[in-house]
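Chemist: There's a structure below that I have some questions on.
The values are calculated or read from the model by the stated rules, or taken from the named source; none is laboratory data. Not measured: the values here are computed from a predicted model. We place every Cβ from the backbone using ideal geometry, glycine too, and count neighbours over all the protein chains shown. In case anyone asks, the SASA skips ligands and DNA or RNA and just uses the protein heavy atoms, side chains included. Shrake-Rupley method; radii C 1.70, N 1.55, O 1.52, S 1.80 Å.
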2 protein chains.
Amino acid sequence: MEIQLYDTTLRDGAQQEGISLSAEDKLKITRRLDELGVHYVEGGWPGSNPKDVEYFQRIKALSFSNVRISAFGSTRRTGIRVEDDGNIQARLAAETPDVTLVGKSSDLHVLRVLETTLEENLAMIADSVSFLKKQGRTVFYDAEHFFDGFKANAEYALQSVKVAAEAGADCLVLCDTNGGVLTAEIADIVSLVGREVKTSLGIHCHSDADMAVANTLAAVMAGATQVQGTVNGYGERCGNANLLSIIANLKVKMGIPCVTDEQLAGLTEASHYVSEIVNIPPNGQQPYVGVSSFSHKGGLHAAAVAKVEGSYQHIDPETVGNAKRVVISELSGRGNIQHRLNELGLADKVSREQVVNLLDKLKVQESKGFQYEGAEASFDLMVRRGIEGYKPPFDMVDFMVLVENHRRVPTNGDQEDMLSEAVVKVRVGSQLMHTAAEGNGPVNALDNALRKALLGSYPSLDQVKLLDYKVRVVDQGQDTRAVVRVLIESTDGKAQWQTVGSSSNIIEASWMALADSLEYFLIRQE
Amino acid sequence: MEIQLYDTTLRDGAQQEGISLSAEDKLKITRRLDELGVHYVEGGWPGSNPKDVEYFQRIKALSFSNVRISAFGSTRRTGIRVEDDGNIQARLAAETPDVTLVGKSSDLHVLRVLETTLEENLAMIADSVSFLKKQGRTVFYDAEHFFDGFKANAEYALQSVKVAAEAGADCLVLCDTNGGVLTAEIADIVSLVGREVKTSLGIHCHSDADMAVANTLAAVMAGATQVQGTVNGYGERCGNANLLSIIANLKVKMGIPCVTDEQLAGLTEASHYVSEIVNIPPNGQQPYVGVSSFSHKGGLHAAAVAKVEGSYQHIDPETVGNAKRVVISELSGRGNIQHRLNELGLADKVSREQVVNLLDKLKVQESKGFQYEGAEASFDLMVRRGIEGYKPPFDMVDFMVLVENHRRVPTNGDQEDMLSEAVVKVRVGSQLMHTAAEGNGPVNALDNALRKALLGSYPSLDQVKLLDYKVRVVDQGQDTRAVVRVLIESTDGKAQWQTVGSSSNIIEASWMALADSLEYFLIRQE
């Protein structure tokens, strides 16, 4: 079976709250979709806004290996001649090989939203399709609200797509625009339409009932050959069908060769690339491509995966460019810890008994608010500190932090009157460093003072930069005595590592995570 | 059709990376699930860790309207008598009416993961089920990897559940443990099993192929009567089937009365409540319950929805306790503010011009990290401070916070060496109060010192208690200079109110929220 992959990230995906794409963003996404092997990219509504005008202008100069660009828009407006419709003319001016034409299949929408007659709507569809066909375009006809329309008035919905087919449409795309139709209904209706018309069918689903991917596959099994979706499922309301999940399911689960093996292996990277561009943090749990999609936290699962790779994984993660991870937590068993020790190259330095002790220690620490899942460097240090003969590169003697406000805090949050100062005393070998620094908050002051104290002994610390600082209250529902957990992400320009601290005193929690970050860097250097 | 709703948030959901639930958290979630009308709650693995021990101990004293608690664990271990199995004994000791027993259906897992014989596995299932039945428990038998096992060796998979049925299991729950099975396969296999055994069937799906909800519904249509899932779809890897989506689909789309209309109307609130407890920000796009699930981003859709409410919504959002939102331009902000002023009873004290100024101020504040959606008391104060003649009940002159550590910070997080001290200077009328207090963290110390300074003038402050203290980093991706937002929830035993502070200095942000909380209480008293 041959399936056409049709992406609408640039049009339907961009309707998601918080997404706003420049023409340059759209070009980048188009190039990445081309590499992924997608067949059609819906570029936007030509003429509707300056960004889409620029996109269609610039895309003309580019050539692609796989992708063909489609220009989107409605059927002609009611009561005018198709050649007088500005939107239809704008679509022609975009000079794309393909156009996508959206029209109404639901009598409710025709009568109450468009406020025209059922006959005029059919004429609008027929006129628009045949006009664009005469101009030599491939025409995809998107039948909006097709399934809801069919359930309310099957005859009219069918008639609306038959009219498009007779006017020469190349594909009839049946849309579950409101996203609420059940899988079984989708399958039945697609089959029925397939028996009524000979034109090939497409499917366009939304996630409002949490079933867009399954509904898309059900339509394919019922005969649809074009699948529409968006990267990462972006889209208005609950989003569109996730095209990446669809691609993986078609290829891996249904054996339909819609992309090559190499292209499929780029799936995870494509997901992250686009999420960077739209500036929405990747969903770690996203099927196939999430950072947690092949993570094992439960002790039994981790132990089983160590024995039989596929025991708790539905596919080999490398197929989609992802990787297995074993997570360390209080739910871990000895197996998770052993696995991590192997990764750290410390397995031979830690006895079986010490592994049990480590597991106990881990549980105690987690009950105090520590969490090592996102702080593997702190776990690494916990292991090393338990190994005989470990010498930490520095030793904290004491510290003091002072935050002073010497006039009324201005209610608008300006900080000119705030002073934050930290004093630290640190031992390196036999030397005692005692120094102080300011910062624009107490944690920043501590950070500055600690680096200042250590830089003489360890000039390489200069390379270490903090990338991220996160604070989370662990036991919500408490007052200001609540325990907080601080996670710090650091880099030396090459590697990245994360450390954790936890305490009801946020300064102390931050201090722990900071000190771990620098200690980890220093021992890795040795 | 009658459907049993079975929640495993506390066990399978807690396997999600980043989730760590205390016994108290688990009790709170259980109570909320009871209100929602869920029939079974899987509490955890009795005896496996101190939190689950505490949960099963404390739950005994509670009674519920709908929920029955189930204790989870494996069949007996290989090669021992069932009565000698510690885990099975721990399940009995939990004294729950129901137990859930997980066993193997896949020959691969029996031979290569459990490393026992196919016969011994069947004996393990039979022994464990009949032993627990003899103790008077309802036994749910979770057939792990049932679908994968069936696809590889249908005869053995079927035999494994038949053995459980013959031993008296009350329900055979077919599990897609790895989450990769297609909807059509689920439907076929459930139907087939239903023809082979008379015991009622359950379904347990995971989201690895992005189809868990659809797969669950397909199983129900094929005859399954128990559905397992987790709140918000929490779970290992890509998560479990989202029980909230399932409930809404069963009730609204399939007409199965699994919860009452009132319970369904609590769906959105239940989702947000649990996301607060697990401390994972709610997904705005989550089907049915997300803040964007019924949002219309302007243009054609918003206009259509204004004409015909259901034109771009699959259901009436109020059915699930959600609401329509029209995402509109900044121009409509004035309307929002006016709406809020009416609610506060301040509309007649604020001129049209002042409303415009307030809107500008709001935008400036939000750009600095403040957020008034969850902090209406701080918004109220911002309004009042702009009204001529407003006299604040107290005036901050200055403060100082000192955090000292006078020996090495113990790596296990003990705090005996930490000192946190705050000095505050506050003016009340013509009096200047200057005092100091300690606390078990800098914010707690500030809180204590401020109350101490004010209590003489305002003895009623005694009634004010802080309920919750939350910290969120606003601009993630920054280092320790990141801006943090502090939200504080307070009560006087009757009303509750929330206040906000924001700064790159966490002490200052906390101070702002604290001072607002007390000021708000005092002006409301007048």
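Per-residue answers, yes or no, for (1) at the interface with another protein chain (Cβ under 8 Å from one of its Cβ atoms); (2) modelled with pLDDT of 90 or more:
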residue	(1), (2)
A:Pro410	no, no
A:Gln415	yes, no
A:Val423	no, yes
A:Arg427	no, yes
A:Leu432	no, yes
A:Asn440	yes, no
A:Leu450	no, yes
A:Leu455	no, yes
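Chemist: Name the strands (runs of 3 or more DSSP E) wholly within segment A:18-131 that hold at least 3 residues that are among the aliphatic types (A, V, I, L, M) and open to solvent by less than 50 Å² (accessible area, probe 1.4 Å)?
Modeler: A:98-104
Chemist: Of the residues that make up segment A:214-225, is at least one open to solvent by 30 Å² or more (accessible area, probe 1.4 Å), within 13 Å of chain B (Cβ to nearest Cβ) and of a type outside the set (A, V, I, L, M, F, W, C)?
Modeler: no
Chemist: Is it true that A:Gly266 is out of contact with any Phe, Trp or Tyr (no Cβ under 8 Å at 6 or more places or on another chain), among the small types (Gly, Ala, Ser) and either within 12 Å of chain B (Cβ to nearest Cβ) or free of Cβ contacts under 8 Å to residues at least 12 places away in the same chain (or both)?
Modeler: So A:Gly266 fails the test.
Chemist: In segment A:396-408, what residues are open to solvent by 50 Å² or more (accessible area, probe 1.4 Å) and at pLDDT 90 or above?
Modeler: A:Met400
Chemist: With the checklist (1) closer than 27 Å to B:Val161 by Cβ; (2) away from chain A (no Cβ under 14 Å); (3) out of contact with any Cys (no Cβ under 7 Å at 6 or more places or on another chain); (4) not acidic (Asp, Glu) in hand, flag the one item B:Gly73 doesn't pass.
Modeler: The failed condition is (2).
Chemist: Within the set of pairs 6+ apart or on separate chains, which have a first residue in segment B:33-57 that is on the phi > 0 side of the Ramachandran plot, a second that is part of a strand (DSSP E or B) and small (Gly, Ala, Ser), and C-beta atoms under 8 Å apart?
Modeler: B:Gly44/B:Ala71
Chemist: Pairs, please: C-beta under 9 Å, at least 6 apart or cross-chain, first residue more than 10 Å from chain B (Cβ to nearest Cβ) and touching a residue at least 12 places away in the same chain (Cβ under 8 Å) and in segment A:363-384, second of a type in the set (Ser, Thr, Tyr) and surrounded by fewer than 21 Cβ atoms within 10 Å (Cβ to Cβ)?
Modeler: Taking only residues 6 or more apart or on different chains, the pairs are A:Arg384/A:Tyr390.
Chemist: Could you please tell me which pairs satisfy a Cβ distance under 7 Å, a separation of 6+ or placement on different chains, a first residue in segment A:275-304 that is more than 8 Å from chain B (Cβ to nearest Cβ), and a second residue that is part of a strand (DSSP E or B)?
Modeler: Qualifying pairs under 7 Å: A:Ala302/A:His296; A:Ala302/A:Val326.
Chemist: Considering only strands (runs of 3 or more DSSP E) fully contained in segment A:418-526, which possess at least 1 residues that are buried (at least 24 other Cβ atoms within 10 Å of the Cβ)?
Modeler: In segment A:418-526, the matching strands (runs of 3 or more DSSP E) lie at A:418-428, A:465-473, A:484-491, A:496-503.
Chemist: Let me ask something additional. Hey, any hits in segment A:140-151 for a residue that's within 20 Å of A:Ala90 (Cβ to Cβ), in a strand (DSSP E or B) and within 11 Å of chain B (Cβ to nearest Cβ)?
Modeler: There is at least one residue in segment A:140-151 that is within 20 Å of A:Ala90 (Cβ to Cβ), in a strand (DSSP E or B) and within 11 Å of chain B (Cβ to nearest Cβ).
Chemist: Are there any pairs with C-beta distances below 7 angstrom linking a residue in segment B:117-136 that is among the aromatic types (Phe, Trp, Tyr) to a residue that is open to solvent by 40 Å² or more (accessible area, probe 1.4 Å), with the two at least 6 apart or on different chains, and if so which?
Modeler: From segment B:117-136, the pairs are B:Phe131/B:Glu83.
Chemist: Next question. Tally up the residues in segment A:284-294 that are within 15 Å of B:Gly18 (Cα to Cα) and either among the hydrophobic types (A, V, I, L, M, F, W, C) or outside any loop (DSSP other than H, G, I, E, B) (or both), please.
Modeler: Adding up the residues that qualify gives 2.
Chemist: Check off (1) in a loop (DSSP other than H, G, I, E, B); (2) more than 27 Å from A:Ser200 (Cβ to Cβ); (3) in contact with a helix residue (DSSP H, G or I) (Cβ under 6 Å, 6 or more places away or on another chain) for A:Thr9 and give me the number that stays unchecked.
Modeler: With (1) in a loop (DSSP other than H, G, I, E, B); (2) more than 27 Å from A:Ser200 (Cβ to Cβ); (3) in contact with a helix residue (DSSP H, G or I) (Cβ under 6 Å, 6 or more places away or on another chain) applied to A:Thr9, the lone miss is (2).
Chemist: Which of the residues spanning segment A:501-526 are more than 8 Å from chain B (Cβ to nearest Cβ), farther than 15 Å from A:Leu467 by Cβ and aliphatic (A, V, I, L, M)?
Modeler: A:Ala509, A:Leu522, A:Ile523
Chemist: Also, I was wondering about something else. Can you tell which of A:Asp176, A:Asp261 is more than 8 Å from chain B (Cβ to nearest Cβ), in contact with a Phe, Trp or Tyr (Cβ under 8 Å, 6 or more places away or on another chain) and of a type in the set (Asp, Glu)?
Modeler: A:Asp176
Chemist: For A:Glu353, which of the numbered conditions (1) more than 10 Å from chain B (Cβ to nearest Cβ); (2) in contact (Cβ under 8 Å) with a residue 60 or more places away in the chain; (3) under 26 Å from B:Val113 (Cβ atoms) fails to hold?
Modeler: (2) is the only condition that A:Glu353 fails.
Chemist: What's the total number of residues in segment B:137-150 that are closer than 11 Å to B:Ser105 by Cβ and without any contact (Cβ under 8 Å) to a residue 60 or more places away in the chain?
Modeler: Within segment B:137-150, residues that are closer than 11 Å to B:Ser105 by Cβ and without any contact (Cβ under 8 Å) to a residue 60 or more places away in the chain number 9.
Chemist: Step by step: first the residues of segment A:166-192, then only those that are part of a helix (DSSP H, G or I) and surrounded by fewer than 20 Cβ atoms within 10 Å (Cβ to Cβ), then the one that is farthest from the chain's Cα centre (by Cα). Which residue is that?
Modeler: Among residues in segment A:166-192 that are part of a helix (DSSP H, G or I) and surrounded by fewer than 20 Cβ atoms within 10 Å (Cβ to Cβ), the one farthest from the chain's Cα centre (by Cα) is A:Glu166.
Chemist: Could I ask something else about it? Quick check on segment A:462-485. Is at least one of its residues small (Gly, Ala, Ser) and at the interface with chain B (Cβ under 9 Å from one of its Cβ atoms)?
Modeler: Yes, the conditions are met somewhere in segment A:462-485.
Chemist: Going by what's in this entry, would A:His301 be described as assigned to a helix (DSSP H, G or I), modelled with pLDDT under 85, open to solvent by 40 Å² or more (accessible area, probe 1.4 Å) and in contact with a helix residue (DSSP H, G or I) (Cβ under 8 Å, 6 or more places away or on another chain)?
Modeler: In short, no.
Chemist: On to the next question. I'd like to know if segment B:192-199 contains one or more residues that are under 28 Å from B:Pro97 (Cβ atoms) and among the hydrophobic types (A, V, I, L, M, F, W, C).
Modeler: Yes, segment B:192-199 has at least one match.
Chemist: Condition (residue is part of a loop (DSSP other than H, G, I, E, B), touching a Lys or Arg at 6+ places or on another chain (Cβ under 9 Å) and either at pLDDT below 95 or open to solvent by 50 Å² or more (accessible area, probe 1.4 Å) (or both)) applied to segment A:263-283: is it met by at least one residue?
Modeler: Among the residues of segment A:263-283, not one is part of a loop (DSSP other than H, G, I, E, B), touching a Lys or Arg at 6+ places or on another chain (Cβ under 9 Å) and either at pLDDT below 95 or open to solvent by 50 Å² or more (accessible area, probe 1.4 Å) (or both), which makes the answer no.
Chemist: Considering segment A:333-385 alone, what residues qualify as being in contact with a helix residue (DSSP H, G or I) (Cβ under 7 Å, 6 or more places away or on another chain) and not in a helix (DSSP H, G or I)?
Modeler: Hits for segment A:333-385 are A:Gly333, A:Leu346, A:Val350, A:Tyr372.
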